[in-house]
Amino acid sequence: LAVEDALDGLRWAESVGGLPALVARSEANLAAVARWVDGADWIDFLARDPATRSCTSICLQIVDPWFTALEPAERAKAAKKIATLLESEGVAYDIGSYKDAPPGLRIWGGATVDTSDVEALLPWLDWAWQTLRKG
């Protein structure tokens, strides 16, 4: 079963254009997030240098002064609340930052994700942030 699953994944990859298309899909997902981040004042990429950003595991940190003024434990709770809000609405799962990373969000942007799905997620991130801020 595992071998058949792997073969099915390879057939799908070939059907969308092979490795160049897979890379392009991931890069398009990162570009969608980058456009959104450029217009958002509360969040930024964890990796400030665009050359070091992953187009698959897109890591974001919350930079709003309200958030950065919180004590570290409160920042962690607030970021977790955003992830919980998104999960409760059924729009994102396992979106919290890695355990040892600064509190924030992590979006899977790999080739198996359609850019339209990433774009559909982004307004929900703003919604969760605004909901958190309203308390």
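Of G18, G9, all but one fail to be out of contact with any Asp or Glu (no Cβ under 8 Å at 6 or more places or on another chain) and at positive phi; the exception is G18. So if I check each of W12, W42, which one is modelled with pLDDT of 95 or more, over 16 Å from the mean Cα position of the chain (by Cα) and of a type in the set (F, W, Y)? Being modelled with pLDDT of 95 or more, over 16 Å from the mean Cα position of the chain (by Cα) and of a type in the set (F, W, Y) holds for just one of W12, W42, which is W12.
Consider D8 carefully, then state whether it is outside any helix (DSSP H, G or I), farther than 17 Å from Y98 by Cβ and free of Cβ contacts under 8 Å to residues at least 40 places away in the same chain. For D8, the condition - outside any helix (DSSP H, G or I), farther than 17 Å from Y98 by Cβ and free of Cβ contacts under 8 Å to residues at least 40 places away in the same chain - is not met. Evaluate the following for W12: is it open to solvent by 60 Å² or more (accessible area, probe 1.4 Å) and out of contact with any Gly (no Cβ under 9 Å at 6 or more places or on another chain)? Spelling it out, W12 is indeed open to solvent by 60 Å² or more (accessible area, probe 1.4 Å) and out of contact with any Gly (no Cβ under 9 Å at 6 or more places or on another chain). With the structure loaded, tell me whether A79 is open to solvent by less than 90 Å² (accessible area, probe 1.4 Å), assigned to a helix (DSSP H, G or I) and hydrophobic (A, V, I, L, M, F, W, C) or whether it fails that test. When the stated conditions are applied, A79 passes them.
Here R35, R25, R48, R106 are screened, and the one residue that is over 15 Å from W129 (Cβ atoms) and in a loop (DSSP other than H, G, I, E, B) is R48.
Taken as a whole, the structure places A111 among residues that are assigned to a loop (DSSP other than H, G, I, E, B) and either crowded, with 17+ Cβ neighbours inside 10 Å or at pLDDT 95 or above (or both). For the residues W129, W108, the requirement of being closer than 30 Å to W12 by Cα and of a type outside the set (G, A, S) singles out W108.
The values are calculated or read from the model by the stated rules, or taken from the named source; none is laboratory data. What you are looking at is a predicted structure, and each value in this text was computed from that prediction instead of being measured. Here Cβ is always computed from backbone atoms with ideal geometry, including for glycine, and neighbour counts include all displayed protein chains. When the accessible area is computed, the model is the full protein with side chains, heavy atoms only, and any ligands, DNA or RNA have been set aside. Shrake-Rupley method; radii C 1.70, N 1.55, O 1.52, S 1.80 Å.
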